[in-house]
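The values are calculated or read from the model by the stated rules, or taken from the named source; none is laboratory data. Being a predicted model, the structure only gives us computed values, none of them experimental. A quick note on method: Cβ atoms are made from the backbone with ideal geometry, for glycine too, and the neighbour counts reach across all protein chains shown.
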Amino acid sequence: MAKKIPQPTNPPRERAFLVGVEIREKKQLLSLEDSLAELALLADTAGVDVVGELTQRLNHPHTVTYIGPGKVEELKLLAEETLSEVVIFDDELSPRHQRELEKAFGGKIRVLDRTALILDIFAQHAHTSEGMLQVELAQYEYNLPRLTRAWTHLERQAGGGGGRSGASGGVGLRGPGETQLEVDRRSIRMRIAHIKRELEKVEAHRLRYRAQRKRSRVPTVALVGYTNAGKSTLINRLAKADVYVADQLFATLDPTTRRVHLPSGDLALFTDTIGFIQKLPTTLIAAFHATLEEIAEADLLLHVVDISHPNALGQFQAVQQTLEEIDAGHIPMITALNKADQLKNIEQARETLMGFPQSVAISALKGDGIKDLLHLIREELYESYSPIHVRLPYKEGALISLFHELGQVERVEHERGGMIMQGRIPGRLLAQFAAWHVKPNQEPHESEETDTEES
């Protein structure tokens, strides 16, 4: 009888206790309960089992331990009772808060915050060299102010980046009187500088690629939306592609671009980007600058909203807030209300539609509403014109030609260093002219010499 070969088993998942705090002086897009439910999903995506949760409402965070001393004692008892190995806070903790909490727990229970949890998920899901560099940068910038004498050296970094620190000099020789902690800090700063240089090369490549796309005059559409809203499923449906899809948060990190044929044979490039989330860490926004720039340079944003989610509006607002932060709030936008097939009340669905601008109800999974969505996208890219008033330097000849070729010129004024142009252009081109927009109080004075053409 043949021997049964034992199959490898997955390591046991860590047990985590969640902590949610509502700070009354802070405006939150999600309720405390909804935010904790989201944190539980993040923990599950990271491979952690949630065994309990604790909440507190405060006017402002406690100076030493973020939550009050009484809650710290209660949390310690609950964590011990449930055999929790880690406590995860639903906000970003300061290095001091983290140290004092771990001290209060006797050093037996690790303390993480929402940012560290998201960084861990990103480290698991980044597959391209660019994605791994961006995650590594965010990890180092997050960890640098949190270094203590208990730091376990760079080669043990969870994200795997520390093991490559030799590429930028490693730990290095200690100077006179220099402590190991100072050596580690110096080494991390060197690694951060090295990663930033590598990402600058990536950004330069992206700039060349974007310039090439603009010369080809093929418009670009960036898919944005809350994580797990269905962007990857939608791009698969539109482009008949095979982008990885999973029912979990941040299933895909690396941007994917696909060609999509619109009605009447027009072409557009669709880019699936990183999913957004409320309380998106600033370190991540900085680290993913090159990727997020793909959104800021798009001709049109396609905002995918999971309309079946109980707090769809809050998620929509969280994405809008992030778009403003990355200077993409001015780009024309269409809203795709995904998973509409899961809404049972049709009247409620119609009312919901009215709350979102330029919206179409769709099901990316089943294909419902896709034709209507493509027609709206084509109309916005090729038929919708927006008023514009710009002052263009003569060296921006490509933009001047673009305005004349694709726009409707109503007025031209020649100045010493350039020209003022006013008229209407396709909405998809607005982003290219954003840097030269003229405000009402920027009009030339009558005393200035100008040569006006009426078109």
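Restricting Val390, Val412 to residues that are part of a strand (DSSP E or B), over 28 Å from Gln358 (Cα atoms), of a type in the set (Val, Ile, Thr) and outside the structural domain of Ile295 (by TED's automatic domain parsing) narrows the list to Val412. Basic (Lys, Arg), crowded, with 17+ Cβ neighbours inside 10 Å and at pLDDT below 80, is that true of Arg164? Taking the combined requirement at face value, the residue satisfies it.
Residues that are on the phi < 0 side of the Ramachandran plot, modelled with pLDDT under 85 and either surrounded by 19 or more Cβ atoms within 10 Å (Cβ to Cβ) or of a type in the set (S, T, N, Q) (or both) within region 256-271 comprise Thr256, Thr257, listed in sequence order.
The residue list Ala287, Ala298 contains one member that is under 19 Å from Gln432 (Cβ atoms) and of a type in the set (Gly, Ala, Ser), which is Ala298.
Restricting region 9-49 to residues that are within 25 Å of the chain's Cα centre (by Cα) and part of a strand (DSSP E or B) leaves a set whose member that is farthest from Thr82 (Cα to Cα) is Ile23.
Within the option set Thr45, Thr65, Thr55, being surrounded by 15 or more Cβ atoms within 10 Å (Cβ to Cβ) and touching a residue at least 60 places away in the same chain (Cβ under 8 Å) holds for one residue only, Thr45.
Just one residue in the set Leu54, Leu75 is part of a helix (DSSP H, G or I), under 18 Å from Phe105 (Cα atoms) and touching a strand residue (DSSP E or B) at 6+ places or on another chain (Cβ under 8 Å); that residue is Leu75. Scoring Thr283 on the criteria (1) among the polar types (S, T, N, Q); (2) over 30 Å from Gly20 (Cα atoms); (3) modelled with pLDDT under 85 leaves a single failure, condition (2). Could you list, in sequence order, all residues of region 309-340 that are free of Cβ contacts under 8 Å to residues at least 60 places away in the same chain, among the small types (Gly, Ala, Ser) and not in a loop (DSSP other than H, G, I, E, B)? If the condition is that a residue be free of Cβ contacts under 8 Å to residues at least 60 places away in the same chain, among the small types (Gly, Ala, Ser) and not in a loop (DSSP other than H, G, I, E, B), then Ala312, Ala340 are the ones that fit. For region 83-99, a residue qualifies if it is farther than 20 Å from Pro281 by Cα and crowded, with 19+ Cβ neighbours inside 10 Å, and exactly one does: Ser84. All of Ser359, Ser363 fail the test of being at pLDDT below 90, crowded, with 16+ Cβ neighbours inside 10 Å and more than 18 Å from the chain's Cα centre (by Cα), apart from Ser359.
In region 279-306, the residue that is farthest from Leu365 (Cα to Cα) out of those that are among the β-branched types (Val, Ile, Thr) and touching a residue at least 24 places away in the same chain (Cβ under 8 Å) is Thr283.
For region 58-69, the count of residues that are of a type in the set (A, V, I, L, M), at pLDDT 90 or above, not in a loop (DSSP other than H, G, I, E, B) and not assigned by TED's automatic domain parsing to the domain that holds Thr283 is nonzero.
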